[in-house]
Each structure stands twice: as structure tokens, then as C-alpha cells.
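Chemist: Before I ask anything, let me first share the structure, which is written out below as C-alpha cells.
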Amino acid sequence: MSTNILIVDDVHPVLLEKLDREGIQYTYEPTISRSEAETHISLYTGLIIRSKFQVDREFIDLAPALRFIGRAGAGMDNIDDEYAAQKGITLISANEGNRDAVGEHMIGMLLSLMNNLNRGNREIAEGKWLREENRGYELKGRTVALIGYGNNGQAMAKKLSGFDVKTIAYDKYRTGFSDAYVREVSMEEIVKQADVLSFHIPLTRETRGLVDDEYLFHFRKPIFFLMGARGGIAHIPAVLKALGNGKILGAAFDVLPVEKFPALSQQKWYSDLISRNNVLVSPHVAGWTFESYYKLSDILVDKIIQYLNCVRNT
């Protein structure tokens, strides 16, 4: 069967250039809606998407010829991966493409929290010069705990290595991963030692709502909390409660359970979240730099070409 790919999201030109070079047919429709894609996905053997819409069971059922789905991003949480596997569809992601961007962004948020940079900037703009109130913390000598040690966790650990911190990690699905940048530990050690808690896991049925009152209760020391993985992992009211009682010293979110307006502003916890001086929020951009835009497309297209070559040779 010949290959014909429908590309439904904006991608870097390098992806199209490499497909052209290989003589692979594609249709580039970066402004297409889901309903429009539904009308002719049956004609395609491949789909490339970022986060435009959910590739769910209903969509997959409209694509009997589909052999693979490529995501120009990290993770597959907008794709029903279990159902795709049942249908024999191969899933291809580009997790390596934005790991450096995520690591840098989350460390930047952490340093800003620990040193009250956003608050201090805002206060000066308001005519307030408050030195003692904005006394910060040093990262050196602290223990940073990573939950998950895949691409993003590894990039984070490597970037932290220059700060003279102790970096530990827990990964439920990996063992024996201690390296020059991190020491593998149990979850019991995480809750005892962590000064900073950073998440690097996908959103699954198991991890949705993982961070709740019970989860946070077990931490022995006040922590700085970083969420740059997926918003649905954290129960925001539980984080707000921990901020209120001092269990969490500061929290940074690049992702939230509900994103974009007006839906975000309609959440009961929204006003409380954004009113706090020890909370930072960014609009899901940690992995979306000018450099990662290129790398995500470049890595994905190379993987797709490799996959197609393997299929041809079997």
C-alpha cells in the first residue's frame, strides 16, 4: 500500500522538506478542523498532529487505512493509544525534541519562585521597594526530586547538575537508571528528602489526579512544586491547600487541568491560584521554543521515514 499522510497541524518546514526528498505523498492542512479532517481521513495511511484535537475512538474508526500516527510533540495524551494499538496503528512521537526546552523553562520558573522575581518586579512597577520581604532562597545544597525519569526528567537532571544540588528520581516503570546526574530512589525517600518536587510523567488513567491531599500529606519538608508535565496530574485545590498551610512554599505551573479562556477563568480555583504571590503560571509553553519547533518536526520526520523503510523491508 502506498503512503499518503494527512498533516493537520502547523509543523516546521523541515518535516515537509524531508518528506519531499523521500518522495512521500502528503497533504498539508494546518488550518483544517476536526470535522473537515473526518470527511477525508479514510483516504490516508498516516496522520501527523500536534494538539489540535483528540484522536479518539470515533476518529480512528473513520480511518480504516491508517497505519501510523505521528505526534510532533511529547506524549500521546490526545490520542487513544490503547484503541490505536488494537487497530494495529503505530504511534510515533518526538519526545526528545523539546526536553531541553522543558528543563530550562522549569528551572527558570523555580529560580523565579525562590527569588521572588515576578513579585519584586510587579512591586517595583507599583512604586514599592521591599528588600526584606523579597529575600530569596538559594538552590545550592537542596534536594530536587523528579517524578519520572524519561526524556524530560533526564534533561532536567542534567541541567540541574551545575547548581550543586542533590538530584533524586522515582520512576514506577523503570529501575536501574541511576547515572552521573541522578540517584534512583523509592517514593518513601522522595517524600523524606525533597526540597523541590518536579513532575516528568505522562497523563494516564493512573496519573490523572495523582497529586491530591493524600499525596502531598506525606512530604516531610516544605517543598517548591513544579508542574511542567500534564495539568491533569495535579488536583489544583489540593495544591492551593498545601500553599495555604505552608506544605508548599511556592508552585509553578506550565500546564493546568483546564487551559485557555474562557474555560480557565470559569474554574472555581482560578481566582485563588492567580492571586497568590508564590504561584507562577505560564501558558503551556515550556516545550515550545523556536528551537524545539524545529527539533520536534525534524526528529518526528526521521522516525516516520525509518518506520516506513522498516515496513517496506518486511
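The values are calculated or read from the model by the stated rules, or taken from the named source; none is laboratory data. This structure is a prediction, so every number in the text was calculated from the model and none was measured. We place every Cβ from the backbone using ideal geometry, glycine too, and count neighbours over all the protein chains shown. Ligands, DNA and RNA are stripped out before the accessible areas are found, and what is left, the full protein with its side chains, is counted by its heavy atoms. Shrake-Rupley method; radii C 1.70, N 1.55, O 1.52, S 1.80 Å.
Chemist: Surrounded by fewer than 15 Cβ atoms within 10 Å (Cβ to Cβ), out of contact with any Gly (no Cβ under 6 Å at 6 or more places or on another chain) and at pLDDT 95 or above: is that true of residue 164 in this structure?
Modeler: In short, yes.
Chemist: Which of the residues spanning the range 43-84 are open to solvent by 30 Å² or more (accessible area, probe 1.4 Å) and within 25 Å of residue 259 (Cα to Cα)? Spell out how you get there, then give the answer.
Modeler: Step one: list which residues in the range 43-84 are open to solvent by 30 Å² or more (accessible area, probe 1.4 Å), which gives 43, 50-52, 54, 56-58, 61-62, 64, 67, 76-77, 80-82.
Correct list: 50, 51, 52, 54, 56, 57, 58, 76, 77, 80, 81, 82.
Chemist: Let me ask another. Residue by residue through the range 282-314, note down the ones that are surrounded by 13 or more Cβ atoms within 10 Å (Cβ to Cβ) and aromatic (Phe, Trp, Tyr).
Modeler: 288, 293, 294, 307
Chemist: Restricting to strands (runs of 3 or more DSSP E) lying wholly in the range 130-204: which have 1 or more residues that are polar (S, T, N, Q) and closer than 18 Å to residue 251 by Cβ?
Modeler: 143-147, 196-199
Chemist: Whether any residue in the range 173-181 is open to solvent by 70 Å² or more (accessible area, probe 1.4 Å) and among the β-branched types (Val, Ile, Thr) is what I want to check.
Modeler: yes
Chemist: Could you tell me whether the range 91-110 includes any residue that is of a type outside the set (Lys, Arg), farther than 30 Å from residue 306 by Cα, without any contact (Cβ under 8 Å) to a residue 60 or more places away in the chain and open to solvent by 50 Å² or more (accessible area, probe 1.4 Å)?
Modeler: no
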